[in-house]
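The values are calculated or read from the model by the stated rules, or taken from the named source; none is laboratory data. Nothing here was measured: the structure is a model prediction, and the numbers come from that model. No Cβ is skipped: glycine too gets one built from the backbone with ideal geometry, and neighbour counts run over all protein chains shown. Heavy atoms of the whole protein, side chains included, go into the accessibility calculation; ligands, DNA and RNA do not. Shrake-Rupley method; radii C 1.70, N 1.55, O 1.52, S 1.80 Å.
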Amino acid sequence: MKTELTLHDRTLTLFRFPKRSNETLQAWDAGDEYLINHVEELALPEKQNILLLNDNFGALSCWFSHQHSVTMLSDSFIAQKATLQNLQRNQCNKVDFATSLDDLPQNIDLVLMQIPRNNRFLTWQLSQLRKVLPSNVPVIAVNKAKEIHSSTLKLFEKHLGETSTSLAWKKHRLVFSFANSAQTSEVEPFTTWPVDEHPIQLKNLPNVYSGETLDQGARFILKHLPQRDDAFKAIDLGCGNGVLSVKLAQLNPLIALTSVDESHMAVASAKQNIIDNVGDDIDFHCVANNCLDGFPANETDMVVCNPPFHQQQAVTDHIAWQMFCDAKHVLSTGGQLLVIGNRHLGYDVKLARLFGKSQVKVVDANKKFVILQATK
Ligand SMILES: C[S@@+](CC[C@H](N)C(=O)[O-])C[C@H]1O[C@@H](n2cnc3c(N)ncnc32)[C@H](O)[C@@H]1O
């Protein structure tokens with residue numbers, strides 16, 4: 001796996017976050033290189049205010065902070081941690097960080113964007129740009145050519161303005177756009193829908209996982225969440241819109257609940273959904289974090305988890321593994337981890353390796369999913 005990005009006689013050393021000894025995935029892609037090469041050819045004057053949207057692991061932040069004032073805006077806690085560490089590693093200049101919940105900065109001279117996977121989030125970002133950007137400020141976006149459909153370009157045209165594309169280079173394409181559409185379109189931040197068969201209404205900010213329908217795994221585990229009479233500490237790990245947190249809190253008024261996700265929009269949605277569906281009298285916290293980094297050991301009675309199997313564009317099970325290891329670390333003896341996963345992912349083997357085979361049982365299964373309980 002390459003860790004040195006060399007372009008225009010400059011080399012950056014870049015790692016993903018968290019840094020893993022057996023990492024196989026690079027911390028930048030050809031899209032980052034295409035953007036860098038294109039902007040270098042523009043020979044911009046120094047100290048431009050550059051807004052970077054969705055920089056994956058900080059390659060763009062490291063590159064452009066050398067000569068410019070950079071604001072890195074992302075929905076991802078992990079992307080920001082990666083960027084911070086890569087900036088330090090390469091002794092780069094300071095970069096301003098903003099989350100997807102923040103207003104866009106003023107006085108931007110150039111916007112560079114890694115086009116997000118999720119069209120609702122793309123639409124949101126374009127509409128935000130349209131509101132603040134003067135029409136002469138270029139927006140240059142990048143993605144794999146096969147991910148840039150005519151519908152993607154229509155979103156740019158509708159929500160931002162005049163749009164054209166480059167030739168493909170290393171299977172990537174640039175999208176050039178200006179904020180000059182005839183009208184600004186009002187995009188609602190929340191998508192709201194009810195959860196059938198449960199007294200739950202969910203609000204989803206644009207980049208929340210499964211923000212337009214309930215995740216099928218979540219639907220299956222909802223009816224297996226425990227109801228207890230005692231006070232106990234629980235964590236919803238990878239909470240998304242907080243649907244499992246809401247149900248846990250509805251069933252267990254004495255719960256002390258922490259809902260964790262690496263997406264800032266997920267954390268904000270979970271918080272809103274707990275308040276709207278349960279009230280703010282219960283003991284709860286919603287935090288953006290990488291799994292359970294920094295959480296105290298042996299203090300939690302229960303962890304519920306519907307793990308992700310993607311990081312950015314890549315399919316991977318290392319996050320599920322980290323979530324299981326972290327869950328074991330924070331659980332007190334006798335504490336339980338409740339996991340839902342696709343049958344083919346083999347979480348039973350992973351949990352047996354970690355907790356011991358006799359400590360893992362199948363709670364329920366259907367054609368697609370299995371719910372497992374591991375006791376520490
Ligand atoms: C399959 S979704 C489950 C969402 C929700 N709990 C549900 O059941 O619908 C997995 C969630 O894990 C989050 N996630 C991914 N990587 C993470 C990490 N390293 N730390 C914390 N959360 C993470 C994703 O943002 C996503 O919201």
Select the helices (runs of 4 or more DSSP H) contained entirely in the range 10-127, then report the ones holding at least 3 residues which are modelled with pLDDT of 95 or more, touching a strand residue (DSSP E or B) at 6+ places or on another chain (Cβ under 8 Å) and of a type in the set (Asp, Glu). 30-42
Restricted to the range 96-117, and to residues that are among the aliphatic types (A, V, I, L, M) and touching a residue at least 40 places away in the same chain (Cβ under 8 Å), which residue is surrounded by the fewest Cβ atoms within 10 Å (Cβ to Cβ)? Leu101
Filtering the range 316-362 down to residues that are within 16 Å of the ligand (Cβ to nearest atom) and open to solvent by 50 Å² or more (accessible area, probe 1.4 Å), which residue is modelled with the lowest pLDDT? Asp317
Can you tell me which residue within the range 231-276, out of those that are small (Gly, Ala, Ser) and more than 9 Å from the ligand (Cβ to nearest atom), is surrounded by the most Cβ atoms within 10 Å (Cβ to Cβ)? Ser269
With (1) open to solvent by 30 Å² or more (accessible area, probe 1.4 Å); (2) touching a helix residue (DSSP H, G or I) at 6+ places or on another chain (Cβ under 6 Å); (3) of a type in the set (A, V, I, L, M) as the list, and Ile36 as the residue in question, which single condition is left unmet? (1)
Expected single match for closer than 22 Å to Ile340 by Cα, under 26 Å from the mean Cα position of the chain (by Cα) and either of a type in the set (Val, Ile, Thr) or open to solvent by 10 Å² or more (accessible area, probe 1.4 Å) (or both) among Arg219, Arg228 is Arg219
Taking the stated definitions as given, is Cys92 in the same structural domain as Leu104 (by TED's automatic domain parsing), more than 16 Å from the ligand (Cβ to nearest atom) and farther than 28 Å from Pro134 by Cα? yes
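Within the range 189-203, can one find any residue that is open to solvent by less than 20 Å² (accessible area, probe 1.4 Å), in contact with a Gly (Cβ under 9 Å, 6 or more places away or on another chain) and hydrophobic (A, V, I, L, M, F, W, C)? Steps first, answer last, please.
The first filter runs over the range 189-203 and keeps only residues open to solvent by less than 20 Å² (accessible area, probe 1.4 Å), leaving 195, 200, 202.
If we keep only those that are in contact with a Gly (Cβ under 9 Å, 6 or more places away or on another chain) as well, we get 202.
Restricting the remaining residues to those that are hydrophobic (A, V, I, L, M, F, W, C) gives 202.
The answer is yes; a qualifying residue exists.
Looking at Thr184, Thr165, which is the one that is in contact (Cβ under 8 Å) with a residue 12 or more places away in the chain and either assigned by TED's automatic domain parsing to the domain that holds Asn273 or more than 17 Å from Asp32 (Cα to Cα) (or both)? Steps first, answer last, please.
On the way: Thr165 fails: either assigned by TED's automatic domain parsing to the domain that holds Asn273 or more than 17 Å from Asp32 (Cα to Cα) (or both).
Going through Thr184, Thr165 in turn, just one is in contact (Cβ under 8 Å) with a residue 12 or more places away in the chain and either assigned by TED's automatic domain parsing to the domain that holds Asn273 or more than 17 Å from Asp32 (Cα to Cα) (or both): Thr184.
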Only strands (runs of 3 or more DSSP E) wholly contained in the range 272-371 count here; list those with 3 or more residues that are more than 17 Å from Ile221 (Cα to Cα). 283-288, 331-342
Just the residues that are β-branched (Val, Ile, Thr) and in contact with a Pro (Cβ under 8 Å, 6 or more places away or on another chain), please, taken from the range 192-226. Ile200
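When you go through Phe176, Phe190 one by one, which is the residue that is within 24 Å of Ser74 (Cβ to Cβ), modelled with pLDDT of 95 or more and within 23 Å of the chain's Cα centre (by Cα)?
On the way: Phe176 fails: within 23 Å of the chain's Cα centre (by Cα).
Only one candidate qualifies: Phe190.
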If you check Val260 against the conditions, is it touching a residue at least 60 places away in the same chain (Cβ under 8 Å) and not charged (D, E, K, R)? no
